[in-house]
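Q: I am attaching a structure below and will ask some questions about it afterwards.
The values are calculated or read from the model by the stated rules, or taken from the named source; none is laboratory data. Remember, predicted model here, so these are calculated numbers, not experimental data. Neighbour counts run over all protein chains shown; Cβ positions are idealised from the backbone, glycine included.
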Amino acid sequence: MAQQILVAAIVVIAFAVSAWKLAPARRRLRVLMALDGWTARHPRLAGWREQILKPRILRAAGSGCAGCAANVGVKPHHPPR
Amino acid sequence: MDAIVAEASLRIALVGVPNCGKTALFNRLTGSRQKVANYPGVTVERREGERLAADGRALRILDLPGTYSLTPTTLDEAIARDVLLGRVADAPAPGLVVCVVDAVHLPIGLRLALEVKRLGLPMVLALNRMDVAERRGVKIDIARLATELGVPVLPTIAVKRGGADALIDAIQPSLWEGHRRVAAPGWQESSAEDAEQTQVDLRGVLAAVGYSAPQESHWMARFDSVLLHPLYGLLVLVAVMFVMFQAVFSWAEAPMDWIDAGMSWMAAATAASLPAGPLSSLLVNGVIGGAGAVLVFLPQILILFLFILALEDSGYLPRAAYLLDRMMGGVGLSGRAFIPLLSSFACAIPGIMAARTIPGWRDRLTTIMIAPLMTCSARLPVYALLISALIPAREVGPFNLQGLVLFTLYVAGIVSALVVAWVMKHFAGARQYSPLMLELPDYQWPHAGNLLLGLWERVKIFLSRVGGIILALMIVLWFLSSYPAPPEGATGPPIQYSFAGRLGAMLEYLFAPIGFNWQISIALVPGLAAREVAVGALGTVYAMSAAGDDVAGQLQPVIASTWSLATACSLLAWYVFAPQCLSTLAVVKRETNSWRYPIIMAAYLFALAYVASFITYRVVGAWA
């Protein structure tokens, strides 16, 4: 039984990781930003926010100007009409 | 995000012409390891890094794409200009501009520096590659240059430890407090008169600082007379590529055998130490049989990249671009497409992004559409697996037959790309000719540190893929291949009754005409995430199909004994076009800002792959 529970947990985590890795960069950034807002209200998570979350957000935001949620209205690569 | 940006006390932008050493300087300042290479166009988007100032405050440093002027002709140049002008939504204008100028080719960089100075932002000029400039007899009166420009001028050697110390001292935030942080409000793009005036100013500054041009190197001229020769140059290029693919098979054999033996031992030890059950099956068939099957190909990928990195560092690649310009122009491609297409041999994604350096939209679109036809490193495990399984490892004259087949597959990808570009040219009609303007860098010996760093980056990328997305997908596939359990009295292998087995049986109808069995059909589905996942998926599927026999780590002999030569060749032909890579399609959507082009790309690649596999399967089947 314990073996089956462990395998089930591994499979659930694998599904979650696959979904996260295959999600578009913009959606991942939005999730990270939401997580940033939530952790900001919990001082106990300040260390995790600074050391783990912040570099991830910077990496996600730096993945290209169109990959950044802050640039959702900017269309720098649109073909000329 | 705003909070994170606000924490930096000073935002510093590195700006300069292509290949002047901005990214090397960025790496030196931030301790980052961004890709650097001895050719222009490596950086096509802004990159950010941090450095702590002497007073403990944070400096945010931006590495901008190279640009020859603030009147951009390409997207990457426009990014550099927009960041300097503060036009990018999440990036306020920098508080300090470090204008990086290659001291060896001072006039080109200084022209841009004069333009940037007119923006009115605080500026420092980093005179980079001073060591090479001194060796080649370049004379510059640095103090006079600082006086003429009215900004601090600091000599740097970005590739040398301690080579940017003077610059680091000059960018302390305390020195730049109270300076303006926005570009001059009335700034406009240069008119013809402005450009003329800049040229006059440039001549004046060069005369004042006593600039003398670098001495020509005789051996460089001799090399160029051979490597840029229309016939000898092409022969050398083909020979270099040929040796590279031979080495991929010949040199990698021993380390691959070691990894393979390690995987087999690990599978046997895991099976022996755990009681039979789902955990043992997951670890042996899913994790070791799946992710382990991909890991075996690490040595081949590293050998391929060793060659590519050495060629990059030596300064040979822009020469290859020059050689191929005429041929590429003949099929309607811009000469500027060479670097993006070359990048696509590592992965189509940076290649597609590097197409930003191409000025015309039509040329850029053609390059984007054919980039996935360049054989990316993710396809190498698939090729290597099938070639090792079905092509005998014997010599044909002085050549290794397996290496010969691999070379042919790479050439097939290149030829297909040229044909597609030619067809697109005819569909799109006449286009404006866009000449290749490329600054040929100096030759240099590949730097051992750069090579090791580059290889280490590839190891990290590969291992993070194997340990991340590939491992996760293999576990998902193991689950789909194991459940639901077979009904009472079932006689076939359990996988046939699972979700994956049923999906494979359905897909087999579609793929049977091109010779794919249900195991291959299943493997193509997770291969949508990344192409090399198909190898891991085959490992898992065959391990699960083996009805009790452990085949983890033994995928190659299973394929050799159960597949026909026609099926293997058909799958190889499929992977020359390999329409399945979701990440590539997502980047095409982002770069073209439209769903139309990724859909067209997926459709045409699928059609080409299917037709090529069909023809290959029928021809080889009739012949074998």
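Q: How many residues does the range A:6-29 hold that are more than 10 Å from chain B (Cβ to nearest Cβ) and at pLDDT 85 or above?
A: 1
Q: How many of the residues making up the range B:69-83 are in a loop (DSSP other than H, G, I, E, B) and among the small types (Gly, Ala, Ser)?
A: Going through the range B:69-83 one residue at a time, the tally reaches 1.
Q: Out of all the residues in the range B:89-117, which are away from every other protein chain (no Cβ under 14 Å), aliphatic (A, V, I, L, M) and part of a loop (DSSP other than H, G, I, E, B)?
A: B:Ala93
Q: Answer yes or no as to whether B:Gly504 is on the phi > 0 side of the Ramachandran plot and buried (at least 22 other Cβ atoms within 10 Å of the Cβ).
A: Considered against the rule, which asks whether it is on the phi > 0 side of the Ramachandran plot and buried (at least 22 other Cβ atoms within 10 Å of the Cβ), B:Gly504 comes out as no.
Q: If you take the residues of the range B:471-514 that are part of a helix (DSSP H, G or I) and aromatic (Phe, Trp, Tyr), which of them is modelled with the lowest pLDDT?
A: B:Tyr497
Q: Oh, and also: Mind checking whether some residue in the range B:326-336 is in contact with a Lys or Arg (Cβ under 6 Å, 6 or more places away or on another chain) and either in contact (Cβ under 8 Å) with a residue 12 or more places away in the chain or of a type in the set (Ser, Thr, Tyr) (or both)?
A: Within the range B:326-336 (the criterion being in contact with a Lys or Arg (Cβ under 6 Å, 6 or more places away or on another chain) and either in contact (Cβ under 8 Å) with a residue 12 or more places away in the chain or of a type in the set (Ser, Thr, Tyr) (or both)), the answer is yes, since at least one residue qualifies.
Q: Of all residues in the range B:314-352, count the ones that are farther than 22 Å from B:Leu451 by Cα, not in a helix (DSSP H, G or I) and not hydroxyl-bearing (Ser, Thr, Tyr).
A: 3
Q: Counting only residues that are basic (Lys, Arg) and more than 10 Å from chain A (Cβ to nearest Cβ), how many does the range B:346-375 have? Can you show your working first?
A: Going residue by residue through the range B:346-375, those that are basic (Lys, Arg) are B:356, B:362, B:364.
Pick out the ones that are also more than 10 Å from chain A (Cβ to nearest Cβ) and you get none.
Looking only at that region, the number is 0.
Q: Can you pull out the residues in the range B:1-59 that are under 28 Å from the mean Cα position of the chain (by Cα), among the β-branched types (Val, Ile, Thr) and modelled with pLDDT under 75?
A: Matches in the range B:1-59: B:Val36, B:Val42, B:Thr43, B:Val44.
Q: B:Ile470 passes all but one of (1) in contact with an Asp or Glu (Cβ under 9 Å, 6 or more places away or on another chain); (2) closer than 19 Å to B:Ala378 by Cβ; (3) surrounded by fewer than 22 Cβ atoms within 10 Å (Cβ to Cβ); which number fails?
A: Going through the list (1) in contact with an Asp or Glu (Cβ under 9 Å, 6 or more places away or on another chain); (2) closer than 19 Å to B:Ala378 by Cβ; (3) surrounded by fewer than 22 Cβ atoms within 10 Å (Cβ to Cβ), B:Ile470 breaks only (3).
Q: Just one of B:Gly56, B:Gly66, B:Gly86, B:Gly120 is within 14 Å of chain A (Cβ to nearest Cβ) and either hydrophobic (A, V, I, L, M, F, W, C) or part of a loop (DSSP other than H, G, I, E, B) (or both); which is it?
A: Details: B:Gly56 fails: within 14 Å of chain A (Cβ to nearest Cβ); B:Gly66 fails: within 14 Å of chain A (Cβ to nearest Cβ); B:Gly120 fails: within 14 Å of chain A (Cβ to nearest Cβ).
Only one candidate qualifies: B:Gly86.
Q: What pairs can you find where one residue is in the range B:244-261 and farther than 15 Å from B:Ile303 by Cα, the other is assigned to a loop (DSSP other than H, G, I, E, B), and their Cβ atoms are less than 7 Å apart, with a gap of 6+ or different chains?
A: Partner pairs satisfying both residue conditions: B:Ile259/B:Val296; B:Asp260/B:Val296; B:Asp260/B:Gly553.
Q: Here is a further query. What residue, among those in the range B:258-297 that are outside any helix (DSSP H, G or I) and within 10 Å of chain A (Cβ to nearest Cβ), is surrounded by the fewest Cβ atoms within 10 Å (Cβ to Cβ)?
A: In the first step, residues of the range B:258-297 are kept if they are outside any helix (DSSP H, G or I); the result is B:274-277, B:296-297.
Filter again for within 10 Å of chain A (Cβ to nearest Cβ), leaving B:274-275, B:277.
Details: B:Leu274: 15, B:Pro275: 7, B:Gly277: 11.
Applying the filter and picking the extreme gives B:Pro275.
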